[in-house]
Amino acid sequence: MKLLRSLDLRGWLLMGTAACCFALTSAVATFTSSAHAGAALEERKLPMKFNWVACEPNCRGWVSAVGIITSDTPKDFEDFARGRQLGGATVVLDSSGGSVNDAITLGRRFRNLGLMTTVGITQQNRGRPGVRPAVAPEAYCESMCAFLLLAGKKRYVPDAAHVRVHQIWMGDRADDAKAASYSAQDLMIVERDIGRLAKYTFDMGGAGDLLSLALSVPPWEDLHELDAGELKLTNLVTTDLVADVLPNVDVSAPAMADLAPKTQDRFGEESEQPHPAKSTKTAEAAVPTGAAPVAASQK
């Protein structure tokens, strides 16, 4: 009888120890995932950076493009591309959008190089030395990023990715667009930018539905997330096969938690005014996804 009780007690102790170990392992995994998510979110709040991700053997590698499109982004890309053979490579995007003019300039450069595009978060080794880099699909491509995505010769969007659009607005008044006042010159700038964006959209092979969906969402409403049908309707997606843009790459890496957008971002572009002192820049006025508000850019 005593032996049986001793065995029962020993069994309970073993089960308890195993449960503690499991809980500890889960806690470590959750902490690691949160740490990766936090790092990715911080990068998205900064000006866009480009990095070449090598994943040999049997994988060409890709360009990681993370952050907000600013007036410096086209030049930063040229500096990054100098001396590299990027023709036909894939750009993996994770961005809250940014300047209209500069996104258009960058998009045309992507197309000239024959680049392909997708949405994702690059994970270099996922905490394990010797492991090839992968792409986590749960990423965001918002506002002007959607038009940068459109620049790809081939375009793939994972099911877990979020492509979200909204209307062009004056960047320095986007936070309280209803209460702000506007001049005839302001309206001219917005209309001119819409015209430029429309020409770019059609030049890239996009559909008018993309412009229609984006321009129907005012800045005081949440961004509109495109569903699978709308991604195809707008021609933002040209293939359902990830292998067409990222052959031999793991795109089923654990999704990044805590990356859901908290606020709506704004976008616009630099204008060319006759009086430099009053020149207006309709740029990212604040609110990259999950970021704290920042002042509107003036130039």
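Leaving out ligands, DNA and RNA but keeping every protein chain, what accessible area does Arg108 have, in Å² rounded to the nearest 10, with a 1.4 Å probe?
Using a 1.4 Å probe on the heavy atoms, I get roughly 80 Å².
Could you sort Lys199, Lys178 by accessible area so the largest value comes first, with the probe set to 1.4 Å?
Lys178, Lys199
Work out how much length Glu56 to Leu187 would gain on full extension: take 0.36 nm times their residue separation and subtract the Cα-Cα distance, in nm to one decimal.
Extra length available between Glu56 and Leu187 comes to 42.1 nm.
What is the pair-distance distribution P(r) of the range 57-170, computed from all Cα-Cα distances in 10 Å bins starting at 0, with each bin given as a whole percent?
With a bin width of 10 Å, the distribution comes to 14, 46, 32, 7, 1.
Restricting things to alpha carbons, tell me how big the range 37-243 is in terms of Rg and Dmax, in Å.
17.0, 59
Apply the Karplus curve 6.51 cos²θ - 1.76 cosθ + 1.60, θ = phi - 60°, to the phi angles in the range 78-91 and return the couplings in whole Hz, x for Gly and Pro.
Karplus-based 3J(HN,Hα) across the range 78-91 equals 4, 5, 5, 6, 4, x, 10, 9, 8, x, x, 6, 10, 9 Hz.
Measure off 7 Å from each Cα along the Cα-to-Cβ vector at Ala207 and Val131, then give the distance between these two points in nanometres to one decimal.
About 3.9 nm separates the two model spin labels.
Counting only DSSP beta bridges with both residues in the range 37-243, tell me the antiparallel percent, nearest 5.
Values: 10 of 26 bridges.
Looking only at bridges with both residues in the range 37-243, the antiparallel portion is about 40 percent.
Across every pair of different alpha-carbon atoms, what Kirkwood hydrodynamic radius in Å does the range 45-100 reach? Each step should come with its number before you reach the end.
Details: mean 1/r = 0.0836 Å⁻¹.
Value: 12.0 Å, from the Cα pair sum.
Taking 0.36 nm per intervening residue step and subtracting the Cα-Cα distance, what contour gain separates His224 from Glu42 on full extension?
63.2 nm
Describe numerically, in nm with one decimal, the distance between label points set 7 Å from Cα along Cα→Cβ at Asn112 and at Lys178.
Here the modelled spin labels are 4.4 nm apart.
The values are calculated or read from the model by the stated rules, or taken from the named source; none is laboratory data. This structure is a prediction, so every number in the text was calculated from the model and none was measured. Here the Cβ is made from the backbone with ideal geometry for all residues, glycine too, and neighbour counts use every protein chain on show. Side chains are part of the model used for accessible areas, which takes the heavy atoms of the whole protein and leaves out ligands, DNA and RNA. Shrake-Rupley method; radii C 1.70, N 1.55, O 1.52, S 1.80 Å.
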